[in-house]
Amino acid sequence: MLKCSASLWSADLANLAAEIKRIEPFVQRFHIDAADGRYVNLLLFFPDLVKAMRPHTALPFEVHLITVNPFQWLDPFLEAGADSILFYPDTTPDPLAFIQAVKAAGKQVGVSLRVEDSLMLLDPVLDQLDTVTIMGTYMGVKGVSMDASVPGKIRQLRQTITQRGLPTEIEADGGIRYESVPLIHQAGADWIVPGSLIFNGDPARLIQFLSGL
């Protein structure tokens, strides 16, 4: 069954502690977008907020760095309680060095690919990754459908991972809807990042739906 990394961006931001408790029984981890206003024109979750949320759940926090300098934010988010770090490979001249820094801290690490990014960007680092996150919508956009290229991209990546015998998992983020989830599942993803689908809907219904795929 597809696992869920629930996006806190879609939670009731005025009641995050209660939202975490409400959704916690239905998901495997929480997804936290951290945007610096430079890589994309958004300001999102910051380290002190992550630190404040950390006591409210034992589930892992997956911090998605939407920043121009991931090294700048690594220690602050690790100290705040992040369990895994996602980053974009074009945000640092040495992605492998960043991956190794996260691993040296004993945390999991993943790469995010934008809709327009080629899977070839993964070639130098794929065997070092715990997760590859395939973005289904363009940067900073909410409430739109998943791009039609995503299932094919996931399928191609799954074939590569299988051929190489890697443990790397695939996560789909953006445009997660009842009509797109079966396509993501069939393509070979391991995780989805539901936002409004789980926070604004019935989480029990979603889990029942996923168990029937």
Problem - Flag if Thr160 is touching a residue at least 40 places away in the same chain (Cβ under 8 Å) and assigned to a helix (DSSP H, G or I) - result: yes
Problem - Gly188, sole failed condition from (1) on the phi > 0 side of the Ramachandran plot; (2) buried (at least 17 other Cβ atoms within 10 Å of the Cβ) - result: (2)
Problem - Residue under evaluation Val102, criteria (1) in contact (Cβ under 8 Å) with a residue 40 or more places away in the chain; (2) among the β-branched types (Val, Ile, Thr); (3) under 27 Å from Pro55 (Cα atoms), criterion not met - result: (1)
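Can you name every residue in the range 163-182 that is assigned to a helix (DSSP H, G or I) and buried (at least 19 other Cβ atoms within 10 Å of the Cβ)?
Correct list: Val181 only.
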Practice task
Test Glu79 against the stated conditions and say whether it is crowded, with 17+ Cβ neighbours inside 10 Å, among the acidic types (Asp, Glu) and over 18 Å from the mean Cα position of the chain (by Cα).
Solution key: no
Exercise for the section: Determine which single condition Val68 fails, assuming it passes every other condition in (1) among the hydrophobic types (A, V, I, L, M, F, W, C); (2) assigned to a strand (DSSP E or B); (3) more than 21 Å from Cys4 (Cα to Cα). Expected result: (2)
Exercise for the section: Taking the residues in the range 46-65 that are in contact (Cβ under 8 Å) with a residue 12 or more places away in the chain, part of a loop (DSSP other than H, G, I, E, B) and more than 14 Å from the chain's Cα centre (by Cα) as candidates, determine which candidate is nearest to Asn15 (Cα to Cα). Expected result: Thr57
Problem - Failed item, numbered, when Gln208 is tested on (1) out of contact with any helix residue (DSSP H, G or I) (no Cβ under 7 Å at 6 or more places or on another chain); (2) surrounded by 13 or more Cβ atoms within 10 Å (Cβ to Cβ); (3) not in a loop (DSSP other than H, G, I, E, B) - result: (2)
Handout entry: Residue list for the range 17-69, restricted to those being closer than 30 Å to Gln208 by Cβ and among the β-branched types (Val, Ile, Thr)
Key = Ile20, Ile23, Val27, Ile32, Thr57, Val63
Practice task
For the range 77-93, indicate whether the set of residues that are in contact with a Leu (Cβ under 8 Å, 6 or more places away or on another chain), of a type in the set (Ser, Thr, Tyr) and either on the phi > 0 side of the Ramachandran plot or not in a strand (DSSP E or B) (or both) is non-empty.
Solution key: yes
Practice task
With the condition kept exactly as written, say whether any residue in the range 1-13 is without any contact (Cβ under 8 Å) to a residue 12 or more places away in the chain and among the small types (Gly, Ala, Ser).
Solution key: no
Problem - Only one of Leu2, Leu8, Leu13 that is crowded, with 17+ Cβ neighbours inside 10 Å and more than 17 Å from Ser112 (Cβ to Cβ) - result: Leu2
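Every read-out reported here was derived from the displayed coordinates using simple, explicitly stated rules and does not represent laboratory data. Because the structure is predicted, anything quoted here is derived from the model rather than measured. Counting neighbours? That spans all protein chains shown, and the Cβs are built from the backbone with ideal geometry, glycine included.
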